[in-house]
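The values are calculated or read from the model by the stated rules, or taken from the named source; none is laboratory data. Owing to the predicted nature of the structure, the values given are computational and were not obtained by experimental measurement. FYI the Cβ positions are ideal-geometry reconstructions off the backbone, even for glycines, and counts take in every protein chain you see. For the accessible areas, the whole protein counts, side chains as well, though only heavy atoms, and no ligand, DNA or RNA atoms are used. Shrake-Rupley method; radii C 1.70, N 1.55, O 1.52, S 1.80 Å.
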Amino acid sequence: MKKKSIFICIAIFSAYLTVAQNKLEVNGGGSISGQIVSTNNSDPVAFANVVLTNTQQGTRSDETGKFVLSNLKDSTYSIRITSIGYSPFQVENIVVTGAAQVDIGTIVMEENSILLNAVTVSPGSYSIMEKVGSSGSIALSEENIKNMAWAEDVTRAVSRLPGISASDYSSRFAIRGGEANQVMISLDGMELFEPFHQRDIAGGLFSIVDVEAIRGIDLMTGGFTADYGNRLSGVFAMKTKNQKENEWNTSIGVSLMYARVYTEGKFAKNKGSYFVSARRGMLDLTLKAIGNEEYFPKFYDGLAKIEYQLNDKHVLSLHVLHSGDKAFSNNSPEGNAFEQFNSKYYSTYSWLTLKSYFTSKLSSRTIAFFSNINSQRVGGLDKYEDTDKGTFTINDGNNYTSIGLKQDWNWEATKKIHFKWGGEFKELSADYHYQNSIHELRADSSEQLYYFDQMLNINMNPKGEQFGGYLTAKFEILSHLFAETGLRYDHTTYTGDKNWSPRASLVYAFTKTTFLRAGWGHYYQTQFINSINVNNGETVFHKAALAKHYVLGFEHQLKNGISFRTEAYFKDLSNLRPTWTNLRDHLESYPEARNDNVKINYKGSLAKGIEVFLRYDRGKKISWWLSYALAQAIDDVQSIEYNGLLIKRTGKVTRLNNQTHTVYADINYRLTKGWHFNMSWQLYYGWPRTNYTYRYQTLPNGDLHFYAVHSEYNGTTYPAYHRLDLRINKTFQTKKIGDITAFLHIINLYNRKNLKKFDLDARDDQNNLSLDSNGNYVPFEDNKYWLGLLPVIGFKWDFTIK
């Protein structure tokens, strides 16, 4: 059935493209070309960044200094050329009409020493979408992002980069063996605490920010600077688009995942600009159309930004981001048994930003912000089955509010030393209203059957303040040696944390294309005020966890256009608070209801690895990138609290998000300016699980009760996960109605069965008890798998009014 569906989708897609090709008048694109040389003997400047100003479109010069910017619409362009060790160069008023090939000739760049503000000192830094190659980053361009698999979800794109672990179902990702909540996610300087839709599904199905609103992302996977605090593992900082003068752009899109609209423009004689993004999830309608009667996920989000230039030195902007989610699950396993859950999530963020440019060397950013996050989970189950006999009810309401002020300063004191400093103050409050009731037949550690009874009724309203301040200095030690040092202080009243975080990084530039980097630092993460584990009866906060980062990296750009980068890291974590997890399925939506729910107490944890990233993209027909990571993430378990049957493994234990081997390979083929093909292959290996089997006892009424007997905690490794995705984009550029893009995205092209959950059952497919002639249990596997062969089709319409 799946193969038939894929062939039907391909046929429909091909037919649609054929009809559209006949009906639309396609406008040919022009190009800008030239050659860049140095004032030093007219040597070619290889791998210089050539970017169309006020856009994210750009390329690099080749080893002879030549470059081509192609597929350009009729317009007047300016280009900016930058390269490490050269003064920036600007070319204005380049007119492109029709299919004209405009050659701007030879550009002579003035050579100088390596500028401090052009050097990225910290290791572990990547720039996505906004830049096309710069010191310290190997970028995925906007074109790459929007034409690759899962192009509609910006947070999924980072899985291409080494050190990242994620899953099919979730947009959440972890960095270098950490947890997903150890990554700071921000938008234009505003921290987003819950930036995902459908958080009951593996922590978050999609990002709440539309990729159309994003112009760039700074991803930091280790050794990041002191201006970022309260996170152990990394930073994912998104920046929104800047609007062009005298243009109004609109984009409309529909797929099986979303229906979306994005519009932007200018006002007040170009002093003001705005954009509005709105999306509505289509999964509930898609699932209903294919006959789903059990699960109904609904979600939406909206983002608006208004910016106004008060004068030559001050720019004021207002952002509002809101998202909402609902999910309803209802299934009746057999007879009178039922399982029903309702969940609702709402998030609102609003912030006012003042950017001030006092001089060419001194600037500041001030943000006043408010955020509110609330959620509700209501449901229950009543089962009398071979493996589950009991009832569970839940009523869980959680509300979180944050209000505060943040300010950052930048000062280029001299050519050889730059300073950043700033601080943030937050007033926080949370409301917990949690009730549950569990009445279930279970087996204890001596295999005695008993009824587990639990009733929780927790109501809390913690309040507190947080203050963070930092100072960093970036300076030149020698002509090719640069350093960035910083110190951060964080104080939280509701936990009593008072933490100092020193950090330091070094970079040595062997040449303008070869860098060696090293980083070290202390990173504290205070428990969030809305993250007390009331689901399992906890009512107190824990002290901040600490991660010590040690990172060493090397980067080189080869003459053939390949960018090469490798990093080694070691991350030592301590003072970790206890966690609760399910032995058999750690992705349960209601984990506290399950009889395999255990509490893990830690002595510490460590993560270490070596990462390699290669990328080739010179704006030609073929581009590719490849990443590989060899890693290990280990917990030092002090104890496991569990009253059931488990080989209680303590000491060194593989972490749940360990990925020993990770490979990601993408290849892009630009057949013509309108056709774009992307094929991506990924492999993960190293995810652990806890094996188990069943034993049973006969109840007084003659019924059988099966109970799980767990082996070593995280003692078995899942089989390797791998899949191949294909995405085909066709763009029609027209003079009258703008650009229309249709896409076909095929997930798991060869339909690999990737094991998601090792699952046993007491009955086989014929509903017979899985027992042999001697009454011994014969394990019957009813495993669950990640996404199989899945086609997704959609389109996008972009048009501009001038």
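Each residue of region 223-240 was assigned a 3J(HN,Hα) from its phi angle through the Karplus expression (A = 6.51, B = -1.76, C = 1.60, θ = phi - 60°), giving x, 6, 6, 6, 6, 10, x, 6, 9, 8, 10, x, 9, 10, 9, 8, 10, 7 Hz with x at Gly and Pro.
Considering only Val320, Ile458, Leu760, and ranking their Cα positions along the charge dipole of the chain that arises from unit charges at the beta-carbon of Lys, Arg, Asp and Glu, the one farthest toward the positive end is Val320. Take every pair of alpha-carbon atoms less than 8 Å apart whose residues are at least six positions apart; their mean separation over the length of region 413-570 yields a relative contact order of 17 percent. Shape index of region 725-764: Rg/Rh, with Rg the Cα radius of gyration and Rh the Kirkwood radius from the inverse mean 1/r over Cα pairs, equals 1.42. Across region 436-567, counting alpha-carbon atoms alone, Rg and Dmax equal 24.8, 74 Å. Per-atom-type breakdown for the chain gives carbon and sulfur 55% of the accessible area (1.4 Å probe, protein chains only).
Taking the Cα atoms only, what angle lies between the long axis of helix 2-23 and the longest principal axis of the chain, rounded to 10 degrees? Once rounded, the angle reads 30 degrees.
Once the mean of 1/r is taken over each pair of separate Cα atoms and inverted, region 221-301 shows a Kirkwood hydrodynamic radius of 16.5 Å. For region 667-718 and region 723-801, what is the separation of their Cα centres, given in Å? Each part reduced to its Cα centre gives a spacing of 14 Å. Our helix-only sum for the chain, with -39,500 (n - 2.57) per DSSP H run of n ≥ 4 divided by its residues, gives a mean residue ellipticity at 222 nm of -1500 deg cm²/dmol.
Relative contact order of the chain: 10 percent, from C-alpha pairs under 8 Å at least 6 residues apart in sequence. In region 695-722, whose amide N lies under 16 Å from the spot 7 Å out along Cα-to-Cβ of Asp772? List them in ranges. Inside the label zone: 695-696. Between the listed residues Phe743, His705, Leu790, the Cα displaced farthest toward the positive end of the dipole of region 650-802, a dipole computed from Cβ unit charges relative to the Cα centre, is found at Phe743. Calculated on the alpha-carbon coordinates, the convex hull of region 671-795 measures out at 170 cubic angstrom per residue. Averaging the Cα positions of each part gives two centres, and for region 361-408 and region 588-620 these lie 21 Å apart. Given +1 at the Cβ of Lys and Arg, -1 at the Cβ of Asp and Glu and no other charges, the dipole of the chain around its Cα centre is 2340 debye to the nearest 20. What the Cα convex hull of region 342-433 gives, in volume per residue, is 140 Å³. Kirkwood hydrodynamic radius computed over region 156-214 comes to 11.9 Å, based on all pairs of distinct alpha carbons. Okay, which of region 79-123 sit inside 14 Å, backbone N to the point 7 Å along the Cα-Cβ direction of Thr414? Of the residues in region 79-123, 116 have backbone N under 14 Å from the label point off Thr414. For Tyr550, the shell of other residues with beta-carbons less than 15 Å away shows a net charge of +3, using +1 for Lys and Arg and -1 for Asp and Glu. For the pair Val709 and Phe510, the difference between a 0.36 nm per residue extended length and the Cα-Cα distance amounts to 65.8 nm.
Each residue of region 375-392 was assigned a 3J(HN,Hα) from its phi angle through the Karplus curve 6.51 cos²θ - 1.76 cosθ + 1.60 (θ = phi - 60°); the sequence is 8, 8, 10, 9, x, x, 8, 9, 10, 9, 10, 4, 10, 9, 9, x, 10, 8 Hz, with glycine and proline shown as x.
Please work out which option in (i) 0.97; (ii) 1.00; (iii) 1.09 gives Rg/Rh (Cα atoms, Kirkwood Rh) calculated from these coordinates, and answer with its label. The listed entry that was calculated here is (i). Judged by the mean number of other Cβ atoms found within 10 Å, the most tightly packed of the peptides 424-433, 186-195 leads the ranking 186-195, 424-433.
In the full protein context, the chain carries 42 Å² of accessible surface per residue, based on a 1.4 Å probe and ignoring ligands, DNA and RNA.
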